[in-house]
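Down below is the structure, laid out as structure tokens.
The values are calculated or read from the model by the stated rules, or taken from the named source; none is laboratory data. All of these numbers come straight from a predicted model, not from anything done at the bench. Positions of Cβ are generated from backbone atoms using ideal geometry, with glycine treated the same way; all protein chains shown enter the neighbour counts.
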Protein chains: 2
Amino acid sequence: MLSRASKYAILSTLFLAQHSSEERKISVKEIAESIDVPSPFLAKLFQQLVRGKIISSTKGPHGGFYLSEKNKMKNVLDIIENIDGLNKINSCFMGLNECDSTNPCPVHFIVEPFKNNILGKFRDKTIMEFAKEISDKGRLLTLKDISPSFEEPHE
Amino acid sequence: MLSRASKYAILSTLFLAQHSSEERKISVKEIAESIDVPSPFLAKLFQQLVRGKIISSTKGPHGGFYLSEKNKMKNVLDIIENIDGLNKINSCFMGLNECDSTNPCPVHFIVEPFKNNILGKFRDKTIMEFAKEISDKGRLLTLKDISPSFEEPHE
DNA sequence: TTATTAAAAGACCTTTTTATCTTTTAATAG
DNA sequence: CTATTAAAAGATAAAAAGGTCTTTTAATAA
Ligand code: FES
Ligand code: FES
């Protein structure tokens with residue numbers, strides 16, 4: 001449904017929304033470590049997001065990535081569109097050529113409401129609104145393994 | 001969410017449920033053509049489904065694939081488990097290491113109800129019940145392009 | 001018992017996705 | 001200016017997914 005590349009891109013962009021500004025730009029390395037994503041891969045994704053005007057960058061000392069005022073108005077679906085295109089996320093769950101209600105696959109009427117729901121979520125809020133909401137609600141933004149270890153090392 | 005392999009396997013097995021029997025076994029070639037799937041690839045999948053006791057086969061003249069009485073009691077989730085394993089379909093939509101409500105990703109509470117819904121659908125009916133339901137409801141079981149052409153060729 | 005049929009098995013190939021590495025460009029601090 | 005910093009660009013590589021082909025095995029009809 002979403003490529004790993006899109007997932008990385010969404011999490012990283014939301015991370016930028018929460019932690020960067022024009023005065024506080026963030027390097028690929030820092031973001032890659034924070035959300036636990038391979039940094040050369042993320043660097044490639046960021047190049048593409050910059051070209052797609054989803055995020056911004058400057059080179060040199062204190063350079064890095066950040067969101068301009070225009071960038072802040074984009075939404076999560078713009079990120080997905082930029083990385084995967086829209087076909088992938090709109091495609092039929094069972095792989096039929098067309099996902100539509102006139103020729104539905106066996107699970108179409110379960111999938112469609114969900115798809116509308118999540119596409120709405122990704123479209124109807126700006127990156128900044130989305131980022132605020134998830135920080136208010138305490139949603140996770142890292143791929144790091146956070147599961148507690150079975151026993152604390154002790155004496 | 002589902003690999004193409006799983007999708008092929010599900011559609012093909014449902015096709016067997018609808019069209020085959022111990023007296024009327026069906027060859028890979030026939031199924032592959034009916035649902036428009038590459039036949040050598042489907043042959044590999046079927047080998048695996050036979051080993052997993054999801055479908056049955058016999059070699060030789062009038063041989064082919066069919067569902068035994070035991071096979072008919074399996075469900076769609078058994079197919080998915082056999083091809084993809086269960087991890088893939090249970091994984092987090094955003095790629096987090098764990099999908100659970102205590103450490104939810106930004107879309108967890110949209111995804112979870114859908115996932116329960118569709119997993120229920122795949123688990124609570126036998127292959128035969130599922131196959132009957134979709135034929136009653138007229139759901140599509142082919143990957144063929146069925147979209148009407150823009151204009152009929154004429155004089 | 002032989003020829004034929006169709007699956008099983010396993011080697012192999014191609015494409016896509018994911019990931020890495022090296023060189024170049026641009027910004028800026030000193 | 002010059003050294004340094006960090007992204008851009010682009011080549012390359014590794015892994016996974018998807019797909020094909022050839023040989024072997026088993027069933028059966030003639
Ligand atoms: S037709 Fe399959 S999900 Fe819509
Ligand atoms: S934690 Fe992401 S879907 Fe459940």
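Computed values, structure above
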| read-out | value |
| --- | --- |
| Selected residue (criterion: farthest from ligand 1 (Cβ to nearest atom)) from residues of region B:67-76 that are part of a helix (DSSP H, G or I) and either among the polar types (S, T, N, Q) or surrounded by 19 or more Cβ atoms within 10 Å (Cβ to Cβ) (or both) | B:Asn71 |
| Positions within region A:78-97 being more than 7 Å from ligand 1 (Cβ to nearest atom) and either in a helix (DSSP H, G or I) or facing another protein chain (nearest Cβ under 10 Å) (or both), in sequence order | A:Asp78, A:Ile79, A:Ile80, A:Glu81, A:Asn82, A:Ile83, A:Asn87, A:Lys88, A:Ile89, A:Asn90, A:Gly95, A:Asn97 |
| Complete set of residues in region A:77-108 that are among the β-branched types (Val, Ile, Thr) and either over 24 Å from B:Arg123 (Cα atoms) or exposed (fewer than 14 other Cβ atoms within 10 Å of the Cβ) (or both) | A:Ile79, A:Ile80, A:Ile83, A:Ile89, A:Thr102 |
| Residue list for region B:113-145, restricted to those being facing another protein chain (nearest Cβ under 9 Å), surrounded by fewer than 16 Cβ atoms within 10 Å (Cβ to Cβ) and part of a helix (DSSP H, G or I) | B:Pro113, B:Asn117, B:Glu133, B:Lys137 |
| Within region A:19-45, considering residues that are crowded, with 19+ Cβ neighbours inside 10 Å and part of a loop (DSSP other than H, G, I, E, B), the one farthest from DNA strand D (Cβ to nearest atom) | A:Val37 |
| Any hit, region A:46-66, residues being within 30 Å of B:Ser3 (Cα to Cα), outside any strand (DSSP E or B) and within 14 Å of chain B (Cβ to nearest Cβ) | no |
| Among the candidates A:Phe65, A:Phe46, A:Phe114, residue that is within 16 Å of ligand 2 (Cβ to nearest atom), at pLDDT 95 or above and among the aromatic types (Phe, Trp, Tyr) | A:Phe114 |
| Candidates A:Ser34, A:Ser39, filtered to the one that is in contact (Cβ under 8 Å) with a residue 60 or more places away in the chain, away from chain B (no Cβ under 13 Å), within 16 Å of DNA strand C (Cβ to nearest atom) and among the hydroxyl-bearing types (Ser, Thr, Tyr) | A:Ser34 |
| Test for B:Glu69: is it without any contact (Cβ under 8 Å) to a residue 40 or more places away in the chain and within 25 Å of B:Met128 (Cα to Cα) | yes |
| Among (1) away from ligand 2 (no atom under 16 Å from the Cβ); (2) within 20 Å of A:Phe15 (Cα to Cα) - the single one A:Pro106 does not satisfy | (2) |
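Residues are listed down the side, and each one gets a yes or a no for (1) hydrophobic (A, V, I, L, M, F, W, C); (2) without any contact (Cβ under 8 Å) to a residue 40 or more places away in the chain:
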{"residue": "B:Leu14", "(1), (2)": "yes, no"}
{"residue": "B:Arg24", "(1), (2)": "no, no"}
{"residue": "B:Lys88", "(1), (2)": "no, no"}
{"residue": "B:Phe114", "(1), (2)": "yes, yes"}
